[in-house]
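Note sheet for the following structure.
Read-outs: derived from the displayed coordinates by stated rules, not from any lab. These numbers come from a predicted model, not from an experiment. With ideal geometry, Cβ positions are generated from the backbone for all residues, glycine too; neighbour counts draw on all protein chains shown.
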Amino acid sequence: MSPPGDIPGATRTAVDVGSATLSVQQMGPADGTPVIVWHGFPELGYSWRAQATGLAAAGFRAIVPDLRGYGESDMPEGTGHYAFPLLVGDVVGLIQGLGLESAHLAGHDWGGSLTWATAALRPDVVRSLFILNAPHPVASAECRQVPEQAQKSWYMLLFQFAGVAEEWLLKDDAANLEAFVFDTAAPGTFGPDERRLFKDALMRPGAMTAALEYYRANIPPGNWLTPPPDLPPVTVPTTIMWADADAYMTPLLLERSLTKVAGPLTVVPLPGVSHWAQQEAPGPVTTAMLDHLARHP
């Protein structure tokens, strides 16, 4: 039986990225220009299914990993296994593990954070960057000290409570998870089958804890009181697509993220769309990605 979250037409393989093994789906010509798409909390690579199909149809090699701790990828126990240097190492390790010199990167939510940092720290392996509703990590840290964004980021503090957060999200067949995620998208974005797929993936033993470790390892409560970290400016060609009906992100995150880019930059607005943009507006997101790749081959 195929694992839940398989993208129709894709092949799934395990790739050793150094400190973990990631489950990776691929579709499109093997010699096509590689585009790696990274999902966020609390999703799977399956979240990018429409874009992967569109990329493959356009002749690109679409590469869709489950992040560590998610889906069929390794789920190491312990908060330290989800520290930011290891997560960025997964991005670089996947590029190298696939035998590539470089790749275009796309990221949403936590996947966006990882690709932002990889582009800043290892521009030699990043051909371009496509960001979907994911603030630059430094911008995110800056804005957590601004009251408007701090209020929208309340869940990051809840997620610090080991055991409590898991129970709150998963009790009553993950009712709070549904309200937190699926119910903040436009009606019909997540049908019953999609809801079941994502919930089941997170209800497996240890899965929700692994997903929450991203917050515990990288945004502990003390970080809300200290100066933001620093990263080199992003110099690779970058497109930021921003859905403005995001329940958890203010426009300030976009504004601050723009200041972190020193290379070619394009901003594509996505009005009236929620945080879950690649699933709520699959056509516009795919079109924007293809436009971005046409500008930056």
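Tabulated data for the structure shown
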item	result
Antiparallel bridge percentage (DSSP; both residues within segment 11-295; nearest 5)	30
Amide hydrogen neighbours beyond the local backbone of SER128, cut-off 5 Å, H modeled	HIS104, LEU105
Top positive-direction residue, dipole computed over the chain with Cβ charges, set VAL181, VAL24, GLY206	VAL24
Set of aspartates and glutamates with alpha-carbon distance to LYS260 below 13 Å, sequence-local pairs under 8 removed	GLU142, ASP230
Anchor LYS199: lysines whose Cα lies under 17 Å away (excluding residues fewer than 8 positions away in-chain)	LYS171
Karplus 3J(HN,Hα) series, Hz, for segment 133-141 with 6.51 cos²θ - 1.76 cosθ + 1.60 (x for Gly, Pro)	6, 8, x, 4, x, 6, 4, 4, 5
For MET203, MET289, MET156, order by how many other beta-carbon atoms lie within 10 Å, fewest first	MET203, MET156, MET289
Choice from PRO205, PRO42, PRO269 showing the highest fluctuation, given a GNM over the chain with Cα pairs closer than 10 Å	PRO205
Chain lengthening between SER19 and ALA186 when straightened (0.36 nm per residue, less Cα-Cα)	56.3 nm
Exposed-site-free run, longest, the chain (rule: GluC sites (Glu not before Pro); DSSP loop; at most 12 other C-beta within 10 Å)	102-297
Ellipticity estimate at 222 nm from DSSP helix runs (n ≥ 4, -39,500 (n - 2.57)) divided over the chain, nearest 500	-12000 deg cm²/dmol
Additional length obtainable on full extension of the chain from ASP172 to TRP154, 0.36 nm per residue less Cα span	4.3 nm
Gyration tensor (alpha-carbon) shape descriptor, segment 142-297, a/c threshold 1.5	oblate
Between segment 124-143 and segment 1-71, the alpha-carbon center distance in angstrom	20
Rough spin-label spacing in nm, given labels placed 7 Å along Cα→Cβ, for LEU252 and SER102	3.5
Size of electric dipole in segment 22-144: Cβ of Lys, Arg +1 and of Asp, Glu -1, about Cα centre, debye, nearest 20	240
Within segment 268-282, backbone nitrogen closer than 13 Å to the virtual label 7 Å beyond the Cα of GLU194 toward Cβ	274-282
For the chain, Kirkwood radius (reciprocal of mean inverse C-alpha pair distance, Å)	19.0
Extension gain (nm, one decimal) between ALA162 and ALA83, 0.36 nm per residue minus Cα-Cα	26.8 nm
